[in-house]
Amino acid sequence: MVSRKLSIFGFISAAALVSGVLIGCGGSSATTSGVNPTVLTTGGVTTSTGNSSTPAPTSTTFQQVQVGTSTVNIPPGQPNITTSTTLAIIPAGTSFLNGLTPQFHRPATGSSKAQTTPPAGEVYVGYSPTGPWLNTGVSIGANAQLSSSLAFAAPAISWLPNYLMVGGPLNITGTGINGGTLTINTGFVIGFVVFADGSTSLPGTLALKLPANSGTIAGGNYANVTIPSEFIGEVGLELTWPGITKSQSKFDTKGTVSISVTGKGNASDVVPADGISTCSVLIVAVSL
């Protein structure tokens with residue numbers, strides 16, 4: 001049965017629940033005068049499967065296990081893992097989104113200084129779109145790549161929603177002639193479900209067009225997502241800042257989903273110069 005949307009962060013299905021979420025944005029941008037600044041960026045996640053050489057009981061803190069010759073982190077809150085449990089593995093070096101980097105302070109004089117409080121670029125896990133958020137022991141660097149591999153248990157019967165958040169403040173710097181910067185104040189979140197065979201609903205490719213700091217959401221913002229062809233899914237794009245929530249979603253069965261929030265925004269919806277609260281991409285998929 002196809003899942004039906006309850007809200008941008010709530011979906012039901014007789015078969016499964018899968019979601020990918022991207023949270024948090026803001027800052028300032030230098031762009032051509034009179035032209036709405038935007039952020040164009042791409043990304044995507046390719047996973048593999050494997051088995052731990054030792055059991056890992058469910059835990060409130062992250063654990064490290066060996067999968068082949070690699071050390072991988074098991075996030076807190078995962079179910080009990082045995083040596084026969086299939087794991088979905090997001091490899092070290094994965095960059096969810098190109099141009100996503102921890103925010104740096106630039107003092108009036110001297111060199112840039114990395115933001116350390118609150119920690120920027122730390123990766124957390126949660127089992128609802130709003131947390132609570134638990135430390136995975138993994139972070140991203142200035143190149144937006146994961147410092148270590150992350151492994152998630154493939155459930156035998158039901159699907160467990162997993163949400164990863166890269167803690168802010170972060171910046172997304174776009175490409176293109178009028179590319180701007182979007183500062184992520186809360187964090188970048190991507191959520192997904194792991195299926196029984198270890199496959200996931202994580203997008204193979206992800207392309208975003210977002211408003212930049214001080215820009216408006218009248219610039220044809222979109223999220224283009226490629227999901228595995230054996231899945232059917234729904235994608236939602238949501239932008240929020242204090243007092244404002246803009247969202248739109250689209251259902252598709254062709255493996256590629258393109259959605260836009262153009263119809264939800266206008267030139268009066270100006271992104272704050274110091275950053276918006278959240279920017280979320282939500283993917284819901286079920287296995288055919």
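Do you know which residues across the range 259-288 are buried (at least 23 other Cβ atoms within 10 Å of the Cβ) and at pLDDT 70 or above?
271, 275, 276, 278, 279, 280, 281, 282, 283
Does the range 236-245 contain at least one residue that is surrounded by fewer than 19 Cβ atoms within 10 Å (Cβ to Cβ) and modelled with pLDDT under 80? Before the answer, list the steps.
Looking only at the range 236-245, we keep the residues that are surrounded by fewer than 19 Cβ atoms within 10 Å (Cβ to Cβ), and these are 242-245.
Add one more test, that the residue is modelled with pLDDT under 80, and what stays is 245.
Yes, the range 236-245 has at least one match.
Does the range 134-175 hold any residues that are outside any strand (DSSP E or B), under 14 Å from the mean Cα position of the chain (by Cα) and at pLDDT 85 or above, and which are they?
As a first pass, look at the range 134-175 and keep what is outside any strand (DSSP E or B): 141-145, 147-148, 154-160, 168-169, 174.
Restricting the remaining residues to those that are under 14 Å from the mean Cα position of the chain (by Cα) gives 144-145, 168.
Scanning the range 134-175 gives a single hit, 145.
Read through the list (1) more than 20 Å from residue 174 (Cα to Cα); (2) at pLDDT below 95; (3) more than 21 Å from the chain's Cα centre (by Cα), then give the number of the only condition that residue 84 fails.
Exception for residue 84: condition (2).
If you go through the range 195-221 one residue at a time, how many are within 18 Å of residue 41 (Cβ to Cβ), within 15 Å of the chain's Cα centre (by Cα) and either acidic (Asp, Glu) or outside any loop (DSSP other than H, G, I, E, B) (or both)?
The total comes to 6.
Take residue 45 and decide whether it is closer than 26 Å to residue 241 by Cα and modelled with pLDDT under 95. Reasoning before the result, please.
Working: closer than 26 Å to residue 241 by Cα: no; modelled with pLDDT under 95: yes.
No; evaluated as a whole, the condition is false for this residue.
Residues in the range 41-63 that are farther than 22 Å from residue 197 by Cα and in contact (Cβ under 8 Å) with a residue 40 or more places away in the chain: how many?
Number of matching residues: 6.
The values are calculated or read from the model by the stated rules, or taken from the named source; none is laboratory data. All values reported here derive from a predicted model rather than from experimental measurement. Heads up, the Cβs are rebuilt from the backbone with ideal geometry, glycines too, and the neighbour counts pull from every protein chain shown.
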